[in-house]
Amino acid sequence: MSQAGEREFTKLLSPATGYGVVVGLGAAFAVLMIGFTYLQRRFTRFDTNNASEFATASRSIKPGLICAGIVSAWTWSATLLQSSAATYQSGLSAAWWYGVGGTIQIGFFAAIAAKVKMNANGATTFLQICKARYGTGCHILFTFYALVCAHIVAGSLVLGASATINALTGASIEACNFLLPIGIAIYVIAGGLRATFICDFTHTVILFVIIYLFMFSAYATSPALGSISSMYKLLVEAAQTTPVEGNEQGSYLTMKSNSGILFAGCTIASGFSGVFCDQGYWQRAIASRPESTTRAYMLGGLSWFAIPWAFGTTMGLSSRALQSTPAYPTYPYALSASQQSAGLVAPAAAVALLGKGGAVAILLATFMAATSAASAELIAVSSIVVYDIFGTYWKPLSGKQVVFWSHLVIALAAIWFGAWSCILHKAKIDLGWLFYIQGVCLTPAVVPIGLTVSWGRMSRISAFYGTIFGTVCGMIGWMLGCWKVYGEINTVNLAKPYAAISGSAPGLVMSTLATLILAYFFPGSNDWTATRAIHQADDEASTDSKGEPVSAHIASAPMPEKNFTDEKHQDANSTTVQTVDVNAESPGEANETYEREIIEELDLGLLQKVFVRASIISSSMAMIITFIVPIPMFAAHYVFSLGFFKFWIVASFIWVFLAGSFCIILPVWESRVELVSICKSLLGFARIKTKTGY
Ligand SMILES: NC(N)=O
């Protein structure tokens, strides 16, 4: 049993290693992206100097890469660290609930994404849809929510990663707060949204490999644990020495956990707000091919579930099981409350399982999680600022101006996120705090935003006042809950679970009720003409007949005749491959025209069917993972037998392997033609270079 007291984390790695990972890997990704962007410009029809390619990847991404992108963008530092911390505290139910709390929203978002394609396929941000439907008041309100969301997400990504790097290596938290987002900004600027998808893919591959590594170590190879049975035995002992209050028999091996259920409520609220208020999610829905958006989101949601469930279970339980062993980094003490809240449960397990190698692996996993999600966040913020603030309230922007301002905003946002994370750190706000507060702050906007793209009855009044009413109820509930349950309203108590749920539940429920009631009495016109007329800024689309730029926000320019041919023509004499557009003069025009083809070819009837199918599948999936699997075990007060625990762990292995296949193999398979073509072109190009000597 661990002694009472606390001490600092043993640092197995040097600060130089910490800086090396942050700066070195950041630079490696930047080089990769610059190389990728070069290949993309040279051998494909897509050019990142084009505004819509930069912000929406020309709406052409295939489902496998979208799936990897969703998994990657939704795998935050918190997904790894907070799921493990909650499992350490409440037992294995918490990892399941963390998975539920993030997955069901992605399922519902899959249905909403079909509606985006039907009703506003030319939009770049969800805020443009709000503006087109409701006007300025709602646009400003939801822009505020989107920016609050970006700040909470960015803070938790950067702070979670910096705290882990600091605990493992001693590198300064403040320095990491700046170095992480700045390194990410460099590669995002180099490659735009398509580049972040490619980086997401690379990150996801590395992340899954590290998850497999820890799972095999915990359940098969580690001398300290090494089998499911020995994990089970140590957890039974832990329940005797440090039982969990509110769990059946104080056990870590039960779904009957009061703190687990409370965590479920908080994580579901936090997850809904993190999906619907985050432009990063809409950006991905907009970036995908219309016909595959929903499938990609479904696959993404199911794949993502494996990460908190499998990783949280493995690392949270390993940390609990091994905390009395000398290899544990705070031995002979358990982790303090502040160390747990800072997200150090998984790093502690990694070190206890694999020593220095484990420290390096968790460092890499945290870095990958933070960078891939933060890259999505940087693009999201730049889209909001450029399209919804500059383009809407300052002046119309041409495509070139959009790209210029996007680059500048990404660079400034990266520096600001560094400063913002330092402010939070100085205010003693950490990953756990931000996790609980996210639902409180953002749930009132979830349903009004979701219905904006999907329900014709929504009106300016129902969206605006529904959100405001939910916000007021949520804030009152938050303060009252904190005061009644914890006795005093202060920073620490406000982010405790009962306070958080007293704020997020009324925020979600009351805003939903108010929105529905107001929409009944003050219905909208069910007219989607304005949202379907939204078009993003591009070199061609944003210039009117006199060559003047038109609004980057809504340009209802008529669609041009199709003039793009998708074929790549190989010049037999030069052996170099070029994208040839028979009429377009520049790659920018090629992007533009390709995209317009996609927009023109939308089959609304088919998309409506996709919407209905996605709604049915996501509701069924939500029922299964939220009620059918866990609730009977909760109601029966079931404590896992060794046999059932083995089944549970094997199921998590299978799920994580399937998820890995979706995210790693599918994107490569789908792009096999392009990959082979680029490889052939590269080989041909290299041969010519050798022959001609330049
Ligand atoms: N992305 C989350 N909720 O971990």
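The values are calculated or read from the model by the stated rules, or taken from the named source; none is laboratory data. What you are looking at is a predicted structure, and each value in this text was computed from that prediction instead of being measured. Cβ placement follows ideal geometry from the backbone for every residue including glycine, while neighbour counts extend to all protein chains displayed.
Looking at region 123-146, can you tell me whether even one residue there is over 17 Å from the mean Cα position of the chain (by Cα), surrounded by 24 or more Cβ atoms within 10 Å (Cβ to Cβ) and at pLDDT below 90?
yes
Every residue in region 327-340 that is buried (at least 22 other Cβ atoms within 10 Å of the Cβ) and in a helix (DSSP H, G or I), please.
Answer for region 327-340, where residues must be buried (at least 22 other Cβ atoms within 10 Å of the Cβ) and in a helix (DSSP H, G or I): Gln339, Gln340.
Anything in region 666-683 that is of a type in the set (A, V, I, L, M, F, W, C) and without any contact (Cβ under 8 Å) to a residue 24 or more places away in the chain? List them, or say none.
Val673, Leu675, Val676, Cys679, Leu683
What are the pairs, 6+ residues apart or on separate chains, where a residue within region 269-281 that is touching a residue at least 40 places away in the same chain (Cβ under 8 Å) has its Cβ under 7 Å from a residue that is more than 10 Å from the ligand (Cβ to nearest atom) and of a type in the set (S, T, N, Q)?
Within 7 Å, the pairs are Ala269/Thr443; Ala269/Ser504; Phe272/Thr443; Ser273/Thr443; Gln279/Thr125; Gln279/Ser383.
Pick from Leu434, Leu451, Leu508, Leu494: which is touching a Lys or Arg at 6+ places or on another chain (Cβ under 9 Å), surrounded by 19 or more Cβ atoms within 10 Å (Cβ to Cβ), within 22 Å of Phe144 (Cβ to Cβ) and not charged (D, E, K, R)?
Leu451
Which of the residues belonging to region 70-99 are polar (S, T, N, Q), within 12 Å of the ligand (Cβ to nearest atom) and closer than 13 Å to Gly432 by Cα?
Hits for region 70-99 are Ser77, Thr79, Gln82, Ser83, Ser84.
Go through the residues of region 471-489 one by one and say whether even a single one is surrounded by 24 or more Cβ atoms within 10 Å (Cβ to Cβ) and closer than 27 Å to Ala285 by Cα.
no
Hey, Leu168 hits all of (1) buried (at least 23 other Cβ atoms within 10 Å of the Cβ); (2) under 19 Å from Gln82 (Cβ atoms); (3) within 21 Å of the chain's Cα centre (by Cα) but one; which does it fall short on?
(3)
Looking at Ala419, Ala361, Ala411, Ala370, which is the one that is away from the ligand (no atom under 16 Å from the Cβ), buried (at least 20 other Cβ atoms within 10 Å of the Cβ) and closer than 30 Å to Thr17 by Cα?
So the residue among Ala419, Ala361, Ala411, Ala370 that is away from the ligand (no atom under 16 Å from the Cβ), buried (at least 20 other Cβ atoms within 10 Å of the Cβ) and closer than 30 Å to Thr17 by Cα is Ala361.
Within region 258-274, can one find any residue that is away from the ligand (no atom under 16 Å from the Cβ) and either over 26 Å from the mean Cα position of the chain (by Cα) or farther than 18 Å from Val244 by Cα (or both)?
Scanning region 258-274 turns up at least one residue that is away from the ligand (no atom under 16 Å from the Cβ) and either over 26 Å from the mean Cα position of the chain (by Cα) or farther than 18 Å from Val244 by Cα (or both).
Within region 106-125, does at least one residue satisfy the condition of being within 21 Å of Ala374 (Cα to Cα), within 14 Å of the ligand (Cβ to nearest atom) and part of a helix (DSSP H, G or I)?
Checked region 106-125: at least one residue is within 21 Å of Ala374 (Cα to Cα), within 14 Å of the ligand (Cβ to nearest atom) and part of a helix (DSSP H, G or I).
From the list Val639, Val629, Val650, which one is buried (at least 18 other Cβ atoms within 10 Å of the Cβ), under 30 Å from Ala220 (Cα atoms) and modelled with pLDDT of 95 or more?
Val639
Restricting attention to region 187-209, does a residue exist that is among the acidic types (Asp, Glu), under 18 Å from Leu364 (Cα atoms) and either touching a Leu at 6+ places or on another chain (Cβ under 9 Å) or touching a residue at least 24 places away in the same chain (Cβ under 8 Å) (or both)?
yes
Considering only helices (runs of 4 or more DSSP H) fully contained in region 223-314, which possess at least 1 residues that are under 25 Å from Ile437 (Cβ atoms)?
Those helices (runs of 4 or more DSSP H) span 258-276, 279-287, 293-306.
Go through region 322-348 residue by residue and tally those that are of a type in the set (A, V, I, L, M) and more than 24 Å from the chain's Cα centre (by Cα).
The number of residues fulfilling the criteria is 6.
Among (1) within 16 Å of the ligand (Cβ to nearest atom); (2) touching a Leu at 6+ places or on another chain (Cβ under 8 Å); (3) within 30 Å of Phe647 (Cβ to Cβ), there is one condition Gln323 misses while meeting the rest; what is its number?
Of (1) within 16 Å of the ligand (Cβ to nearest atom); (2) touching a Leu at 6+ places or on another chain (Cβ under 8 Å); (3) within 30 Å of Phe647 (Cβ to Cβ), only one is false for Gln323: (1).
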